[in-house]
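Chemist: Pasting in a structure now, in structure tokens, and then I'll have a few things to ask.
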Amino acid sequence: MTAYTFPQTIQGMNDQESDAYRRLLTKLQRKAIRNRIRTAYYDGKNQLKDIGYSLPPVAKDIEMVVGWPRKTVEALANRVVLDGITTQDGSELSRLVLDLMDANDLKQTAENAHTDALVHSCSFVATFQGNTSMGEPEAVIQEFPADCATGTWNRRTHGLSEALMFDVDDDGYTTQVLGGYLMLPNVMLSYSNDGGSWRVTERVPHEGRIHCELIAYMPDSKRPFGRSRIDRTVMSLTDSAVRTFLRSEIQAELYSVPPRYILGADEELFTDENGNHIPRWKVMLDQLLIIPKSNNGDQQMPQVGQFAQYSFEPHAAQLRQTALMFAAATNVPPDAMGVLTSNPSSAEAIDKAVKELCLAAESCQRRFAPAWERTIMTAQQLAGTDGAVQVRTQWRNPATPSRAAAADAAVKLVGAGILPPDSDVTYDMLDLSDEQRRTLRMEARRNQARAYLANLANNNQESTGGEAHVSTAAEPTSQPEASTGNPAQ
């Protein structure tokens, strides 16, 4: 995997900015090797680690890929899904904010950031002022993996105080550094390659927190930048599985061929007519083994025998054991690794592994949510949105319950009066998308308007009906008085 070549100096920086740049660049390069190794494991491009005696030399030329590291990352990443955003007071988001999130493809950006964080232990999400004349949105939300970005963690503000990021172009074969950004407590610098020399192209002052957030997996006080999901245990077990697959692949041709032996054979029996040695594999795979009779009558005929046929079971047993150890380390069910066992995982074992994954996903949601909420608030401010609203993130249920089970639980809580039917909590339980939530709110407002108009109509009808009733009651009393003019009647 090709390493990035970052510039060592940037023209146009003052002494303080240059010191910060060199310090952060040294930190980035120090972590680059481990980041490349984890990326190689995730992409299935890790090199074979031979322990010296278990594999023949020819095995080094065989490319064997075991996708367990990608499986352990995707198993958790698929349960940490940012489903949308909503306001903290329950009001509807403005169309400008929704358009801003759609223009930045927030859900896909979040998915990329979460996957990079699980691979490298962290990723970085920065917010910039957009150039609308170039077709950009008013605020740009961009994600940077840890192999081309780093920062300094401030324990007092629980955020980044400095950040260094590079725009790179990596197609898997060649890499190119296009530009970068240096964010300091009071200024943000943009730099690029101008005619062979790197120089500052833009300097934007700001106040408060820098416009960059850290997405870290399993951080703590000693390691605020988190830990990689592809840790040393995962890499070691993956190497063991690769060696097991290679040994079984090399010996696969021997499983169907019974090993034979010949006693008292002359070396000439294993040479062709030109005097060259017949390859061992050809002798072993010959279905008909012909031994010519010796001209020397005193010499005994060679004796041919057969050993017990090779078995694949030792390799399969070792692979099953490795898969079980991998499952215990990553909380991924053993069946998900594609290893068949004589006793498949029970429902209780699978449920226990899924619960562990759900707990890890809930922990990720709790840690990732504040960073995304601050990012969205910063994007509103940079876009010049009037009255930026406080938002909260909506996450898909990591347990992924069925629609029927989720609906049944919601109906019971609504029926018991614990939840209102049109609450965001109810919508969260039903795992409704942003579009579905907006549609339901529009229909609710439409029904409320219809009910209000119907109520006005009923009140007006009752009022009109009451007046007609009074006039009708007065008419019979007036007619007899008009007809009393005839005394005889």
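The values are calculated or read from the model by the stated rules, or taken from the named source; none is laboratory data. In this text the structure is predicted, and so the values were computed from the model without any measurement. Methodologically, a virtual Cβ is constructed for each residue, glycine included, from the backbone with ideal geometry; neighbour enumeration extends over all protein chains shown.
Residue-by-condition table, conditions (1) aliphatic (A, V, I, L, M); (2) over 30 Å from the mean Cα position of the chain (by Cα); (3) in a strand (DSSP E or B); (4) at pLDDT 85 or above:
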residue	(1), (2), (3), (4)
LEU182	yes, no, yes, yes
MET188	yes, no, yes, yes
ARG209	no, no, no, yes
ASP220	no, no, no, yes
PHE225	no, no, no, yes
SER240	no, no, no, yes
THR244	no, no, no, yes
ALA265	yes, yes, no, no
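Chemist: Among MET134, MET101, which is of a type in the set (A, V, I, L, M) and surrounded by fewer than 17 Cβ atoms within 10 Å (Cβ to Cβ)?
Modeler: Sole residue among the options that is of a type in the set (A, V, I, L, M) and surrounded by fewer than 17 Cβ atoms within 10 Å (Cβ to Cβ): MET134.
Chemist: Please go through the range 68-113 and pick out each residue that is at pLDDT 90 or above, outside any helix (DSSP H, G or I) and farther than 20 Å from CYS364 by Cα.
Modeler: ASN104, ASP105, listed by residue number.
Chemist: What's the number of the condition GLN129 fails, among (1) crowded, with 16+ Cβ neighbours inside 10 Å; (2) within 25 Å of CYS364 (Cβ to Cβ)?
Modeler: (2)
Chemist: Criterion first (among the β-branched types (Val, Ile, Thr), crowded, with 17+ Cβ neighbours inside 10 Å and not assigned by TED's automatic domain parsing to the domain that holds VAL80) does THR244 satisfy it?
Modeler: Yes: the conditions hold for THR244.
Rundown of residues vs (1) in contact (Cβ under 8 Å) with a residue 12 or more places away in the chain; (2) out of contact with any Phe, Trp or Tyr (no Cβ under 9 Å at 6 or more places or on another chain); (3) not in a strand (DSSP E or B), yes/no style:
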| position | (1), (2), (3) |
| --- | --- |
| PRO137 | yes, yes, yes |
| VAL140 | yes, no, no |
| PHE144 | yes, no, no |
| THR150 | yes, no, no |
| ARG156 | no, yes, yes |
| SER161 | yes, no, no |
| MET165 | yes, no, no |
| VAL177 | yes, no, no |
| TYR191 | yes, no, no |
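Chemist: Are any of the residues in the range 396-411 in a helix (DSSP H, G or I), of a type in the set (Val, Ile, Thr) and either at pLDDT 80 or above or surrounded by 18 or more Cβ atoms within 10 Å (Cβ to Cβ) (or both)?
Modeler: Looking for residues that are in a helix (DSSP H, G or I), of a type in the set (Val, Ile, Thr) and either at pLDDT 80 or above or surrounded by 18 or more Cβ atoms within 10 Å (Cβ to Cβ) (or both), one finds none in the range 396-411, hence no.
Chemist: In the range 381-395, how many residues are charged (D, E, K, R) and either assigned to a loop (DSSP other than H, G, I, E, B) or free of Cβ contacts under 8 Å to residues at least 60 places away in the same chain (or both)?
Modeler: Residues meeting the conditions: 1.
Chemist: Still on this model: Within the range 433-471, can you find the residues that are modelled with pLDDT of 80 or more and under 30 Å from VAL81 (Cα atoms)?
Modeler: Matches in the range 433-471: none.
Residues checked against (1) of a type in the set (Asp, Glu); (2) in the same structural domain as HIS158 (by TED's automatic domain parsing); (3) at pLDDT below 85; (4) in contact with a Phe, Trp or Tyr (Cβ under 6 Å, 6 or more places away or on another chain):
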| position | (1), (2), (3), (4) |
| --- | --- |
| GLN300 | no, no, yes, no |
| VAL304 | no, no, yes, no |
| ARG320 | no, no, no, no |
| ALA329 | no, no, no, no |
| ALA336 | no, no, yes, no |
| ALA369 | no, yes, no, no |
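Chemist: Quick check, is MET134 hydrophobic (A, V, I, L, M, F, W, C) and at pLDDT below 90?
Modeler: It is true that MET134 is hydrophobic (A, V, I, L, M, F, W, C) and at pLDDT below 90.
Chemist: Where residues in the range 24-59 are in a loop (DSSP other than H, G, I, E, B), surrounded by 14 or more Cβ atoms within 10 Å (Cβ to Cβ) and of a type in the set (A, V, I, L, M), which of them is modelled with the lowest pLDDT?
Modeler: Top of the filtered list is LEU55.
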